[in-house]
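Only one structure is covered here, and it is reproduced in the block below.
The values are calculated or read from the model by the stated rules, or taken from the named source; none is laboratory data. Quick caveat: nothing in here was measured; it's all calculated off a predicted structure. Please note: Cβ atoms are built from the backbone with ideal geometry, for glycine as well, and neighbour counts cover all protein chains shown. Just the protein is used for accessible areas: all its heavy atoms, side chains included, with ligands, DNA and RNA removed. Shrake-Rupley method; radii C 1.70, N 1.55, O 1.52, S 1.80 Å.
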Amino acid sequence: MLTGIIVSVLFLVGCGLVFSALLLLAERRILRYGPCAIEINDGKKTLEVDGGGTLLAALAENDIFIPSACGGRGTCAYCKVRVLEGGGTIGPVEAPYLSPAETKENVRLSCQVKVRGNMRIAIPESLFSIRRFRGHVEHKRPLTRDIVEVRIALDDPAEMPFVAGQYIQLESQPYRGRESVMRAYSVSSPPSDTRAVETVIRLVPDGICTTWVFEILREGDSVQFSGPYGEFRLSDSDRPCLFIAGGSGMAPIWSMLRDMKEKRSRRSAVYFFGALTQADLFYTEPLRQLEKELPDFRYVPALSREPPESDWSGERGMITDVLARRIPDMAEYEAYLCGSPGMIDAAIKVLQSGGIPPDRIFYDKFA
Amino acid sequence: MTPDPHSVPFLSLLLVFVSAAFTDNILLVRFLGLCPCLGVSKKVDASVGLGLAVTFVTACTAVLNYWVYRYLLIPLDIVYLRLIVFIVVIAAFVQLVEMVVERLSERLYQALGIFLPLITVNCAILGTALFMIARPYNATQAFVFGLGSGFGWLVAITLIGGIREKIDEKHVPPGLRGPGLTLIVIGIMSLAFVVFSGMIKL
Ligand SMILES: Cc1cc2nc3c(=O)[nH]c(=O)nc-3n(C[C@H](O)[C@H](O)[C@H](O)COP(=O)(O)OP(=O)(O)OC[C@H]3O[C@@H](n4cnc5c(N)ncnc54)[C@H](O)[C@@H]3O)c2cc1C
Ligand code: FES
């Protein structure tokens, strides 16, 4: 009886091991494509890679980091690139994520495209400067009951040049049976602060990465991330700016405002910040200070759930209503939005009915 | 028929093949491998492609499973593990075939797409392996049995594909279009195949 059980268990385990070994060996031998050339942006750069892997992995091996939040499983659709030649046909995993316009432009999910020969691809120029960084947590301090400020000092490479408004992809480590994931966090420190990145992170109940940041990550711990990503940034014009943010959407705006101060910008700006109650406001002191330091800047926090009898004398109500009330004619403004998709969609409606054309509304959805 | 392990007369092999392909048609008589058939039989060329892949995999896994059964499962007295082991063998083999196809022809790879990995769970293939060990076959006969069985599936799906291409679904009530009508077609065809059943008895 006992030997029977042992024999069958051993046999099944053996079967599994032998077959896995055989398949791994076969993969090495059969799926060998030899060296392949990947030409990027019309010859700007040409990579020699070993064929057989995915385009995303081949690029990452050569230090070109395409945004990716799902780790190459074809579920986040962040990893889109244009494959002009050598990509083969669109696979069943990719198809649902590609619009007809994108299909026409040869957009593909780079994590699903295999390198099987020479290829020609096109990627945004800014992706060339993305690097992978190792750093350590310099400090982690609570800003409100569900938001912390995390400052990561850079170890290797030692500096990260970036533009205010860009974000990094933080890699969480496995904990309590949950896998390692990559999540986007906007940099809240100004670009002059090149040796560290500061982020403002809001706890998403049961979220994989945020729970890790809140409960596992300690000051001094080593962390990995890549960056800088994103096109969200101040334009070069001198139009007056409307900043609109909620919760951790503060981060990129906080970076932009400090950048404006350091560069002695003369643009006029109004910052509408939405929160629930007074306890959910943070950086109020330094923002009030900025009102004095910048030539024409106003900070307008608005609370939507502050008890009516409290001592709050500022704006009350939804951020979008406050905005419409305070700035009835927005036609001259440029708008910068950051926060949850719901808030952004609502704000875009208000801005457009206030007269701002869509090409002057910039936003980062924290989706 | 008692098998003689050393000499296999050609006639017996032919019998095994014909019986596997027609009298015991895995799709139309045994009703195995229906789901991939319903999914793919819309077009003849896709049907032929998948049919060929299934034939190849069935034939090869039939011998592989024969060897595993005869030289591992029986001596170790763990015959009751046959289901799991057969599935593992089939899955590993399909993975291997997938790699080879990917390497040799990207067009075929894309055309087979999701169906290639799905062959793993095609019950016709596991069914063939189980029928095979229930009969007193040797390795050659097992291979021919697998070949015949896969060939039978290929013939059936190709015929069904041909019929489906010809059917003008405009005249079919909406609820019956697609899988519904295909099942009816398969039912009628299976009646035709039942006619073979008295011809050879193995
Ligand atoms: C460009 C960009 C910049 C970002 N910048 C910041 C930033 O500066 N600070 C910051 O805190 N976050 C930021 N985010 C959001 C962040 O990347 C993560 O999505 C968020 O922290 C949740 O990750 P998680 O692994 O903890 O949750 P997950 O495990 O991914 O999610 C758990 C559950 O929560 C839901 N969920 C996911 N995200 C949110 C959300 N934001 N609000 C409510 N529910 C959610 C999911 O649908 C899921 O059901 C940014 C996102 C993007 C795309
Ligand atoms: S990396 Fe997520 S879809 Fe490609």
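Residue check, residue A:148 against (1) more than 28 Å from residue A:54 (Cβ to Cβ); (2) of a type outside the set (D, E, K, R); (3) exposed (fewer than 15 other Cβ atoms within 10 Å of the Cβ); (4) in contact with a helix residue (DSSP H, G or I) (Cβ under 7 Å, 6 or more places away or on another chain), all met but one. Which one?
Residue A:148 satisfies all of (1) more than 28 Å from residue A:54 (Cβ to Cβ); (2) of a type outside the set (D, E, K, R); (3) exposed (fewer than 15 other Cβ atoms within 10 Å of the Cβ); (4) in contact with a helix residue (DSSP H, G or I) (Cβ under 7 Å, 6 or more places away or on another chain) except (3).
Within segment A:101-145, track down each residue that is within 18 Å of residue A:42 (Cβ to Cβ) and either within 16 Å of ligand 1 (Cβ to nearest atom) or open to solvent by 60 Å² or more (accessible area, probe 1.4 Å) (or both).
Of everything in segment A:101-145, those that are within 18 Å of residue A:42 (Cβ to Cβ) and either within 16 Å of ligand 1 (Cβ to nearest atom) or open to solvent by 60 Å² or more (accessible area, probe 1.4 Å) (or both) turn out to be A:105, A:106, A:118, A:120, A:124, A:125, A:126, A:127.
Quick one: residue A:17 ticks every box in (1) open to solvent by less than 90 Å² (accessible area, probe 1.4 Å); (2) farther than 30 Å from residue A:85 by Cα; (3) more than 7 Å from chain B (Cβ to nearest Cβ) bar one, so which box is it?
Just one mismatch for residue A:17, condition (1).
Filter segment A:184-222 down to residues that are open to solvent by 20 Å² or more (accessible area, probe 1.4 Å) and within 16 Å of ligand 2 (Cβ to nearest atom) and give me whichever is farthest from residue A:365 (Cα to Cα).
Within segment A:184-222, the match that is farthest from residue A:365 (Cα to Cα) is A:208.
Of all residues in segment A:93-119, which are away from chain B (no Cβ under 14 Å) and assigned to a helix (DSSP H, G or I)?
If the condition is that a residue be away from chain B (no Cβ under 14 Å) and assigned to a helix (DSSP H, G or I), then A:97, A:100, A:101, A:102, A:103, A:104 are the ones that fit.
Mind listing whichever residues of segment A:59-90 are among the β-branched types (Val, Ile, Thr), crowded, with 18+ Cβ neighbours inside 10 Å, within 13 Å of ligand 2 (Cβ to nearest atom) and part of a loop (DSSP other than H, G, I, E, B)?
A:66
Taking the criterion of being in a helix (DSSP H, G or I) and open to solvent by less than 20 Å² (accessible area, probe 1.4 Å), would at least one residue in segment B:165-178 satisfy it?
Within segment B:165-178 (the criterion being in a helix (DSSP H, G or I) and open to solvent by less than 20 Å² (accessible area, probe 1.4 Å)), the answer is no, since none of the residues qualifies.
Quick check on my filter: what residues within segment A:152-161 are open to solvent by less than 20 Å² (accessible area, probe 1.4 Å) and closer than 11 Å to residue A:131 by Cβ?
A:154, A:160
Conditions (1) within 16 Å of ligand 2 (Cβ to nearest atom); (2) touching a Gly at 6+ places or on another chain (Cβ under 9 Å); (3) open to solvent by 70 Å² or more (accessible area, probe 1.4 Å); (4) of a type in the set (D, E, K, R), marked per residue:
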| residue | (1), (2), (3), (4) |
| --- | --- |
| A:275 | no, yes, no, no |
| A:280 | no, yes, no, yes |
| A:301 | no, yes, no, no |
| A:315 | no, no, no, yes |
| A:322 | no, yes, no, no |
| A:326 | no, no, yes, yes |
| A:333 | no, yes, no, no |
| A:336 | no, yes, no, no |
| A:340 | no, yes, no, no |
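Would you point out which residue out of B:126, B:83, B:50, B:72 is assigned to a helix (DSSP H, G or I), open to solvent by 40 Å² or more (accessible area, probe 1.4 Å) and more than 11 Å from every other protein chain (Cβ to nearest Cβ)?
Answer to the check: B:83.
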